[in-house]
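**Student:** Quick one: the structure is below, and I'll ask about it shortly.
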Amino acid sequence: NAGVMQNPRHLVRRRGQEARLRCSPMKGHSHVYWYRQLPEEGLKFMVYLQKENIIDESGMPKERFSAEFPKEGPSILRIQQVVRGDSAAYFCASSPPGQGRSNQPQHFGDGTRLSIL
Amino acid sequence: KQEVTQIPAALSVPEGENLVLNCSFTDSAIYNLQWFRQDPGKGLTSLLLIQSSQREQTSGRLNASLDKSSGRSTLYIAASQPGDSATYLCAVKGNSGAGSYQLTFGKGTKLSVIP
């Protein structure tokens, strides 16, 4: 499967635990984006990363949330001390590098459904 | 701040009917506009991408138009089929600052095609 891979597909955590969501971009893509879809809401941008760099984190909550995209391995979205309001679908997208990258389409994974008990 | 609105929120049509989904955006300074399909519990499938310099894009029974100056796009689905039932999302990418990286989504139109 050459698409964007996210795991796990479903994640259940109790309040106060940590959630780690993983995203492997499409082959050849070096740009990763995370979006969150709350129930009955549209997708909201969270963060944009390139390898080893956070480019735009304007959509990330100020506390408890962090993201990384290391030189090797998948991108990780980490949520510490989860609360009920963190229950949502988290989607990762990727796009290729190169000139005119702002016109490149973003390709989405199937998402991780996070449920907080 | 860019805002994207999709009308209607839900639509039910009989099989075989042609239909139009609407999307409007408040800031015309965009790089492109994308239409996606989302099935329940699934990810997003890109249907069509229109660059800001383009007026329309076609793929099979789908045709998307873009009027950047008025901040509007439409997705036309011809001869609808039950398999078209899904939520259709419209998203725009801005062309200035941080907006040039992120997509701004509407809440979607939930389409049901009745056999």
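The values are calculated or read from the model by the stated rules, or taken from the named source; none is laboratory data. Computed from a prediction, not measured in an experiment: that's the story for all the values here. Glycine also receives a Cβ, built like all others from the backbone with ideal geometry; neighbour counts cover every protein chain displayed.
**Student:** If you check B:S112 against the conditions, is it touching a Leu at 6+ places or on another chain (Cβ under 8 Å), in contact (Cβ under 8 Å) with a residue 40 or more places away in the chain and outside any strand (DSSP E or B)?
**Tutor:** The answer is no for B:S112.
**Student:** Those residues that are touching a Ser or Thr at 6+ places or on another chain (Cβ under 7 Å) and surrounded by 18 or more Cβ atoms within 10 Å (Cβ to Cβ), I need them from segment B:88-100; list them, please.
**Tutor:** Once the filter is applied, which keeps residues that are touching a Ser or Thr at 6+ places or on another chain (Cβ under 7 Å) and surrounded by 18 or more Cβ atoms within 10 Å (Cβ to Cβ), segment B:88-100 yields B:Y88, B:C90, B:A91, B:V92, B:K93, B:G94.
**Student:** Quickly run through segment B:51-76 and pick out the residues that are out of contact with any Leu (no Cβ under 7 Å at 6 or more places or on another chain), assigned to a loop (DSSP other than H, G, I, E, B) and surrounded by fewer than 16 Cβ atoms within 10 Å (Cβ to Cβ).
**Tutor:** Listed by number, the residues that qualify are B:S53, B:G60, B:R61, B:S69, B:S70.
**Student:** Could you tell me how many of the residues in segment A:1-45 are at pLDDT 95 or above and of a type in the set (D, E)?
**Tutor:** The total comes to 1.
**Student:** Taking segment B:56-77 as the region of interest, how many residues are at pLDDT below 95 and among the β-branched types (V, I, T)?
**Tutor:** 0
**Student:** Answer with yes or no whether B:K42 is surrounded by 20 or more Cβ atoms within 10 Å (Cβ to Cβ), within 23 Å of A:L43 (Cα to Cα) and in contact with a Gly (Cβ under 9 Å, 6 or more places away or on another chain).
**Tutor:** So B:K42 fails the test.
**Student:** Let me ask something else. Could you list, in sequence order, the residues of segment A:63-96 that are of a type in the set (S, T, Y) and within 13 Å of A:S24 (Cβ to Cβ)?
**Tutor:** A:S75, A:S94
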